[in-house]
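Reading through the structure tokens given below for one structure.
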Amino acid sequence: MDKIERITLPSDPKNMSVQFPECPRSGDQVVVFSHLGKAWEISGKPDHQVFSGLDGAVMRGNRIALTGINGAGKSTLLKVITGQTAPSEGEVTLGASVRFGYFSQYSSDVLNPNRSVFEEVSDRIPYASISSVKNILGSFQFTGDDSDKKISVLSGGEKSRVMLACMLAVPVNFLILDEPTNHLDIQSRESPARSVVSF
Ligand SMILES: Nc1ncnc2c1ncn2[C@@H]1O[C@H](COP(=O)(O)OP(=O)(O)O)[C@@H](O)[C@H]1O
Ligand SMILES: [Mg+2]
């Protein structure tokens, strides 16, 4: 223990402050699945069946935790819901006025590595002023030159914060979060958790 360099924790760690912009409410049915199934193609053939025959619905106000072992198909289901990949059977229908925000487990699904932090966020809110984009970035702890950094050079935690900023820059009424706290530090982890609870 004596040989280990001691780390002093900052006494007043900066908190990430997350605010959700107002969004019109959605219809009561948020998502409806019928006979939904997905088989990933491997070498051109759809031969890796992940799930099938899924019937159900997500209703307004539901908070659902999707749990399962690695490889169970959680991320695949969320990709089908968000339209990142097409189902191989059945269908998924989003309800009226549903605006979803998607946080992917893999930031490369959502972020372009060649663009800067500022570009990624400002592109999603084209009518926002530079100062309001900077405000959003500031609340996700990107200040000064940080926002000119390219996505490709960011750490895992920084990419997570950019994805959260992009997701919350536009009004959404359906949050789809795939392992959002994986790379965040303890303070930032608690912040979205508290906000979601009070939403
Ligand atoms: N793009 C893809 N192409 C082929 N197979 C995939 C792809 N994405 C996921 N898989 C496979 O689908 C299965 C489910 O993966 P995934 O949905 O990521 O699980 P989870 O998120 O529950 O850990 C795994 O066997 C995985 O290898
Ligand atoms: Mg996953």
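Here, each number is a calculation from the coordinates, and none is a lab measurement. The structure displayed is predicted, hence computed values, not measured ones. Neighbour counts are summed over all protein chains in view; Cβ atoms, including those assigned to glycine, are modelled from backbone coordinates with ideal geometry.
Classification of segment 31-74 by its C-alpha gyration tensor yields an oblate form. The axis ratio a/c (a ≥ b ≥ c) is 1.5 or more, and b/c is at least a/b.
According to the square roots a ≥ b ≥ c of the eigenvalues of the Cα gyration tensor, what is the shape class of segment 58-105, taking rounded for a/c under 1.5, prolate for a/b larger than b/c otherwise, and oblate for the remainder? In terms of gyration-tensor shape, oblate.
Under 18 Å of direct C-alpha separation, and excluding same-chain neighbours fewer than eight residues apart, Lys74 reaches these lysines: Lys38. For segment 108-182, the extents of the C-alpha atoms along the principal axes are 29, 29, 20 Å, listed from largest to smallest. For segment 23-31, the Karplus equation 6.51 cos²θ - 1.76 cosθ + 1.60, evaluated at θ = phi - 60°, returns couplings of 9, x, 6, 8, x, 5, 8, 8, 9 Hz by residue, with Gly and Pro reported as x.
What net charge do the residues around Thr82 carry, taking every other residue with its C-beta under 11 Å from that of Thr82, with Lys and Arg at +1 and Asp and Glu at -1?
Working: positive: Lys79; negative: Asp109, Asp178.
Neighbour charge sum, excluding Thr82 itself: -1.
Full extension of the chain between Lys150 and Ser131 yields a length gain of 4.9 nm, computed as 0.36 nm times the residue separation minus the alpha carbon distance. Net charge of the neighbourhood of Ser34, taken over other residues with C-beta under 9 Å away and scored Lys/Arg +1, Asp/Glu -1, is -2.
Note on Leu66 and Val170: the extension gain reaches 35.0 nm, defined as 0.36 nm multiplied by sequence separation minus the Cα-Cα distance.
In this structure the amide hydrogen of Cys23, modeled in the peptide plane, comes within under 5 Å of no amide hydrogen from residues 5 or more places off or on another chain. With K and R counted +1 and D and E -1, the other residues having a Cβ less than 15 Å from that of Asn173 yield a net charge of +2. For a straight C-alpha distance cut-off of 16 angstrom, the lysines reachable from Lys159 (same-chain residues fewer than eight places away being disregarded) are Lys149, Lys150. Taking a ≥ b ≥ c as the square roots of the eigenvalues of the alpha-carbon gyration tensor, segment 14-125 is classed oblate because a/c is 1.5 or more while a/b is no larger than b/c.
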